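A quick write-up on the structure given underneath.
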Amino acid sequence: MRCPWCGHLEDRVVDSREAQEGLATRRRRECAGCGRRFTTYERIEEILPQVVKKDGRREPFDRKKIVEGVARACQKRPVSAEQVEALVGAVERQLQELGEREIRTAAIGEAVMRGLRALDEVAYVRFASVYRAFRDVAEFMSELEELVRKGPGQAPAPGAAAAPAAPAPPPAKEEP
Ligand SMILES: [Zn+2]
């Protein structure tokens, strides 16, 4: 750590303790050049990126909001609260792994849609229609047509034989 007094690069840590309720480590350092002391704080870097809204405003990533949006799309669908949580958790991890400081709401929406599409196509269409709003109706309609053409069920894995449609799992029994 460069000494703020003389610019020397070597120092000795003379004290190290937890600070800010465990969110930071405070280190007292003594410069090996001039012997003066200074303090550094080490923090975990904010893990989740800031969300950039359509109008340019920034806000912190709000997991609860996304869970609510997904749960709304899954209403009366055979998707459990655990599956919703798992989906949002997976989206969160994807965002963390990007390592970006900022992310557009649209990118979050796309990630959620990818997850929902694999889970339940009706919920996917509901979510997509809300998320994409009227921004790109044409694209949305073409995806809808694709779904209709493909019929119910998941897209088969490449090379997989056409499997008979699996019976739908029983609907989740939670009441709001
Ligand atoms: Zn110094």
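The values are calculated or read from the model by the stated rules, or taken from the named source; none is laboratory data. Source: prediction; values computed, not measured. A quick note on method: Cβ atoms are made from the backbone with ideal geometry, for glycine too, and the neighbour counts reach across all protein chains shown.
A few notes on this one:
- Here the condition is being more than 30 Å from Met113 (Cα to Cα), without any contact (Cβ under 8 Å) to a residue 60 or more places away in the chain and within 16 Å of the ligand (Cβ to nearest atom); of Arg43, Arg17, Arg12, Arg26, it holds for Arg12 alone.
- Output for the range 79-121, where each listed residue is of a type in the set (Asp, Glu) and under 20 Å from Lys53 (Cα atoms): Glu92, Glu100, Glu102, Glu110
- Conditions (1) in a loop (DSSP other than H, G, I, E, B); (2) away from the ligand (no atom under 14 Å from the Cβ); (3) outside the structural domain of Val112 (by TED's automatic domain parsing); number of the one not met by Met1: (2)
- So Leu95, is it under 18 Å from the mean Cα position of the chain (by Cα), of a type outside the set (Ser, Thr, Tyr), at negative phi and more than 16 Å from the ligand (Cβ to nearest atom): yes
- When residues of the range 24-77 are limited to those that are hydroxyl-bearing (Ser, Thr, Tyr) and surrounded by 13 or more Cβ atoms within 10 Å (Cβ to Cβ), the one nearest to Leu98 (Cα to Cα): Thr25
- Residue match in the range 47-55 (condition: without any contact (Cβ under 8 Å) to a residue 12 or more places away in the chain and either of a type in the set (Val, Ile, Thr) or in a loop (DSSP other than H, G, I, E, B) (or both)): yes
- The condition of being modelled with pLDDT under 85 and either more than 16 Å from the ligand (Cβ to nearest atom) or not assigned by TED's automatic domain parsing to the domain that holds Ile103 (or both) does not hold for Ala71.
- Some residue of the range 21-43 being aliphatic (A, V, I, L, M), outside the structural domain of Val125 (by TED's automatic domain parsing) and in a loop (DSSP other than H, G, I, E, B): yes
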